[in-house]
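One structure is given here, and the rest of the page talks about it.
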Amino acid sequence: MSIVPHDPNLDMHWERWLRRRSSASRDQLIVHYSPLVKFIAGRVGAGLPSSVDPGDLVSSGVFGLIDAIERFEPSRGVKFETFAAPRIKGAIYDGLRQLDWVPRSVRSRARDVERAFSDLEHKLGRSPTDDELAAHLAISIDELNKWLASIAATTVGPLDRAIAAGHEPAAVDAKGFESPIAALEDQELRQIVRQEIRSLPEREKLVLSLYYDEGLTLAEIGEILGVTESRVSQIHTKSVIHLRARLASAGVG
């Protein structure tokens, strides 16, 4: 099922916008593609605390949608939704950074867990268990789970945001299209990410696959694994931090 509903007048509005820069048609295009903004905002906002207003994410995403409409060139042969999605995401991430709502203590814990993964994998030559991770951090298993819960509720959302943290958007040309060099670098990054995901423990790998590839919710994954949604959230958080540690070790990040 398509996220964006069918509109028999869509081609007409695109033509009027592209040929005459009709503001009325641009407004119709914004309204037509607003479900795409809401969908992406929902994915970006998954797991964020209630203090972050979903409406703020959507509002930020609309700026990305407007930018995409103004820069879009059908002659490039790219579907508009494909062209618009990264711009909508980028605008939402920009909005989140401006909010700066993540407590410093949680940022510190996320860095500590990431360093612990790196240190233990270097020392053990394998992925550490939760017990080993907690012992290295000098905390109990219960405390580790509380750390992961607090991190999940703030800094770790969708995988693409976690991987992209600290990275600038890919280089684009004057018309807003990704440069060939940037496209090649992005392809290489995706290959590295997929390679590192394959080396994660099976449960972490499964959660990432079900969430990002299959598009299941944390609750649906919990039903499959026979665990609570909060437990899936902890596994997801640990998986993303683990992956970030591996990417850092591989020189990505």
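Could you count how many residues in the stretch 186-218 are in contact with a Ser or Thr (Cβ under 9 Å, 6 or more places away or on another chain) and more than 23 Å from P128 (Cα to Cα)?
1
Does A41 qualify as being touching a Lys or Arg at 6+ places or on another chain (Cβ under 7 Å) and either part of a helix (DSSP H, G or I) or surrounded by fewer than 19 Cβ atoms within 10 Å (Cβ to Cβ) (or both)?
no
Residues that are closer than 28 Å to L208 by Cβ and surrounded by 14 or more Cβ atoms within 10 Å (Cβ to Cβ): does the stretch 3-26 have at least one?
Within the stretch 3-26, one or more residues are closer than 28 Å to L208 by Cβ and surrounded by 14 or more Cβ atoms within 10 Å (Cβ to Cβ).
Here are some residues: I197, I192. Which one is farther than 19 Å from N145 by Cα, in contact (Cβ under 8 Å) with a residue 60 or more places away in the chain, out of contact with any strand residue (DSSP E or B) (no Cβ under 7 Å at 6 or more places or on another chain) and not in a loop (DSSP other than H, G, I, E, B)?
Step by step, each of I197, I192 is checked, and only I192 is farther than 19 Å from N145 by Cα, in contact (Cβ under 8 Å) with a residue 60 or more places away in the chain, out of contact with any strand residue (DSSP E or B) (no Cβ under 7 Å at 6 or more places or on another chain) and not in a loop (DSSP other than H, G, I, E, B).
Quick test for you: out of A116, A110, pick the one residue that is at pLDDT below 90, in the same structural domain as I241 (by TED's automatic domain parsing) and of a type outside the set (D, E, K, R).
On the way: A116 fails: at pLDDT below 90.
Being at pLDDT below 90, in the same structural domain as I241 (by TED's automatic domain parsing) and of a type outside the set (D, E, K, R) holds for just one of A116, A110, which is A110.
Can you tell me which residue is surrounded by the most Cβ atoms within 10 Å (Cβ to Cβ) among those in the stretch 92-116 that are touching a residue at least 12 places away in the same chain (Cβ under 8 Å) and closer than 18 Å to D56 by Cα?
Across the stretch 92-116, the extreme among qualifying residues is I92.
Which members of the stretch 13-29 meet the condition of being out of contact with any helix residue (DSSP H, G or I) (no Cβ under 6 Å at 6 or more places or on another chain) and touching a residue at least 12 places away in the same chain (Cβ under 8 Å)?
Within the stretch 13-29, the first condition is being out of contact with any helix residue (DSSP H, G or I) (no Cβ under 6 Å at 6 or more places or on another chain), and the residues that meet it are 14-15, 18-21, 23-24, 27.
Listed by number, the residues that qualify are W14, L18.
Of the residues K89, K123, K79, which is of a type in the set (D, E, K, R), surrounded by fewer than 13 Cβ atoms within 10 Å (Cβ to Cβ) and assigned by TED's automatic domain parsing to the domain that holds A41?
K79
In the stretch 211-253, how many are in a helix (DSSP H, G or I) and free of Cβ contacts under 8 Å to residues at least 24 places away in the same chain?
10
The values are calculated or read from the model by the stated rules, or taken from the named source; none is laboratory data. Predicted, not measured: the structure shown is a model, and the values here were computed from it. Quick reminder, even Gly has a Cβ in these numbers, built from the backbone with ideal geometry, and neighbours come from all protein chains shown.
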